[in-house]
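See structure below.
The values are calculated or read from the model by the stated rules, or taken from the named source; none is laboratory data. Computed from a predicted structure; not experimentally measured. Here the Cβ positions follow ideal geometry from the backbone for every residue, glycine too, while neighbour counts run over all protein chains shown.
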Amino acid sequence: MLDKLDALEARFDELEARLAAPGLYDDPNTAAALLRERNRLEPVVSAIRARAQAMRQAEEARELLADPELRTVAQEELDAAQAALSELDEKLKILLLPRDPNDDKNIIVEIRAGAGGEESALFARSLYRMYTMYADKRGWNTDLISMNATELGGCKEVIFQILGEGAYSRLKFESGVHRVQRVPETESQGRVHTSTATVAVLPEAEEVDFKIDPTELKIDTFRSSGAGGQHINKTESAIRITHLPTGTVVECQDERSQHKNRDKAMRVLRTRLYEAECAKQQAAIAAERRAQVGTGDRSERIRTYNFPENRVSDHRIKLTLYKLGQFLDGDMDEVLDALATADTAEKLRRQGEG
């Protein structure tokens, strides 16, 4: 344990020195990678140094216990130092838990209407709005990739990107089945209907993560289509890419430029194939991970949005809030924080068992 702490502190000092070196920023990619690693290590190293300080204070207090006149004060200082040490050891246990290597990545979010017809499509559109508003509150950028809109303002499917540091770490627990209970506008009897939509949150795969052989792609162009409006154009700018070995198909028609649509479609394709490859590699430990919060198992209902009761309930952590409107306006942190805390607690429990 102590060797590991020393190694982390040494690595932090090395990063500080490299970041201060002249000419580093001539290579922006290397500089950005070093800065990200330095920022990740900073809270760990701060805790390590605070722990070392608490140990010195405890040792000084023990030496003073031999002096009858200072014994009372020395005991108080020793108690305070030992309490700080205990707290810092617990903090370091959490900080040293294995990190998800995808946590800092941008994400691609796919929302699809489920059971419930048009009401489900309207709910899918509400979820899209919720996530884009949350991203805006965090200072992240969003980029629409494709949307299959309905005539009543809903969407059967929407795929978009969220670009921002830590986007995956905050939203990775959103994958799953979301259920809404409300009275549709078309319901004359005032009955509450239940509809669903599925959400998939995928860490964006870059070329270094997953390379695609261009000879394995079939690329088609076609005219944009949809419910109508200014985005429809008469040129074949929309793109459909098929990955022949897996049969994975991606379409993008949001941009007027064929080149931009192709770039967006490739991002989605690379991310989906990377996700499939990761899932294959993790199949051996799938049963173990299923007990963990936020496994991304899309077959399970993870949250209910109940309009008559102004309630949002996350079923994985048994948390219910009575502020549905605020939540749908992007005020999601209370639930996301609770999910992250539950995930950390589960990792600590599993580490203890190991």
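Could you list, in sequence order, all residues of the range 308-344 that are hydroxyl-bearing (Ser, Thr, Tyr) and either free of Cβ contacts under 8 Å to residues at least 12 places away in the same chain or outside any helix (DSSP H, G or I) (or both)? Break it down into steps so the answer makes sense when it comes.
Step one: list which residues in the range 308-344 are hydroxyl-bearing (Ser, Thr, Tyr), which gives 313, 320, 322, 341, 344.
Those that are hydroxyl-bearing (Ser, Thr, Tyr) and either free of Cβ contacts under 8 Å to residues at least 12 places away in the same chain or outside any helix (DSSP H, G or I) (or both): 313, 320, 322, 341.
Spot the failing condition for residue 72; the list is (1) in contact (Cβ under 8 Å) with a residue 60 or more places away in the chain; (2) out of contact with any Phe, Trp or Tyr (no Cβ under 7 Å at 6 or more places or on another chain); (3) of a type in the set (S, T, N, Q), and only one is missed.
Residue 72 satisfies every listed condition except (1).
Since residue 255 meets every condition but one in (1) out of contact with any helix residue (DSSP H, G or I) (no Cβ under 7 Å at 6 or more places or on another chain); (2) at pLDDT below 75, which condition does it not meet?
(1)
Restricted to the range 1-55, and to residues that are hydroxyl-bearing (Ser, Thr, Tyr) and within 21 Å of residue 99 (Cβ to Cβ), which residue is surrounded by the most Cβ atoms within 10 Å (Cβ to Cβ)? Steps first, please.
So in the range 1-55, the residues hydroxyl-bearing (Ser, Thr, Tyr) come out as 25, 30, 46.
Retained after the next criterion (residues that are within 21 Å of residue 99 (Cβ to Cβ)): 30, 46.
Working: 30: 12, 46: 14.
Within the range 1-55, the match that is surrounded by the most Cβ atoms within 10 Å (Cβ to Cβ) is 46.
Here is a check on your reading of the model: is residue 236 modelled with pLDDT of 90 or more, among the acidic types (Asp, Glu) and either surrounded by 14 or more Cβ atoms within 10 Å (Cβ to Cβ) or not in a strand (DSSP E or B) (or both)? Give the steps one after another, and end with the answer.
On the way: modelled with pLDDT of 90 or more: no; among the acidic types (Asp, Glu): yes; either surrounded by 14 or more Cβ atoms within 10 Å (Cβ to Cβ) or not in a strand (DSSP E or B) (or both): yes.
Taking the combined requirement at face value, the residue does not satisfy it.
Tell me the residue from 335, 312, 268 that is modelled with pLDDT of 85 or more, assigned by TED's automatic domain parsing to the domain that holds residue 199, β-branched (Val, Ile, Thr) and closer than 30 Å to residue 223 by Cα, please. I'd like the intermediate steps shown before the answer.
Working: 335 fails: closer than 30 Å to residue 223 by Cα; 312 fails: closer than 30 Å to residue 223 by Cα.
Just a single option satisfies the conditions, and that option is 268.
Would you confirm, using the coordinates I've provided, whether residue 121 is over 20 Å from the mean Cα position of the chain (by Cα), under 30 Å from residue 155 (Cβ atoms) and not in a helix (DSSP H, G or I)?
Numbers: over 20 Å from the mean Cα position of the chain (by Cα): yes; under 30 Å from residue 155 (Cβ atoms): yes; not in a helix (DSSP H, G or I): no.
Judged against the criteria, residue 121 is not a match.
Quick test of your reading of the structure: residue 96 fulfils all but one of (1) surrounded by fewer than 20 Cβ atoms within 10 Å (Cβ to Cβ); (2) more than 18 Å from the chain's Cα centre (by Cα); (3) at pLDDT 90 or above. Name the failing condition by number.
With respect to (1) surrounded by fewer than 20 Cβ atoms within 10 Å (Cβ to Cβ); (2) more than 18 Å from the chain's Cα centre (by Cα); (3) at pLDDT 90 or above, residue 96 is out only on (3).
Residue under question is residue 83, and the condition is that it be of a type in the set (Gly, Ala, Ser) and modelled with pLDDT of 90 or more; does it hold?
Details: of a type in the set (Gly, Ala, Ser): yes; modelled with pLDDT of 90 or more: yes.
Yes: the conditions hold for residue 83.
Looking only at the range 167-185, decide whether some residue is modelled with pLDDT under 85, in the same structural domain as residue 267 (by TED's automatic domain parsing), over 19 Å from residue 311 (Cβ atoms) and not basic (Lys, Arg).
Let us first name the residues in the range 167-185 that are modelled with pLDDT under 85, namely 184-185.
With the extra rule that they be in the same structural domain as residue 267 (by TED's automatic domain parsing), the set shrinks to 184-185.
Of the ones still in play, those that are also over 19 Å from residue 311 (Cβ atoms) are 185.
Among the residues that remain, those that are also not basic (Lys, Arg) are: 185.
Within the range 167-185, one or more residues are modelled with pLDDT under 85, in the same structural domain as residue 267 (by TED's automatic domain parsing), over 19 Å from residue 311 (Cβ atoms) and not basic (Lys, Arg).
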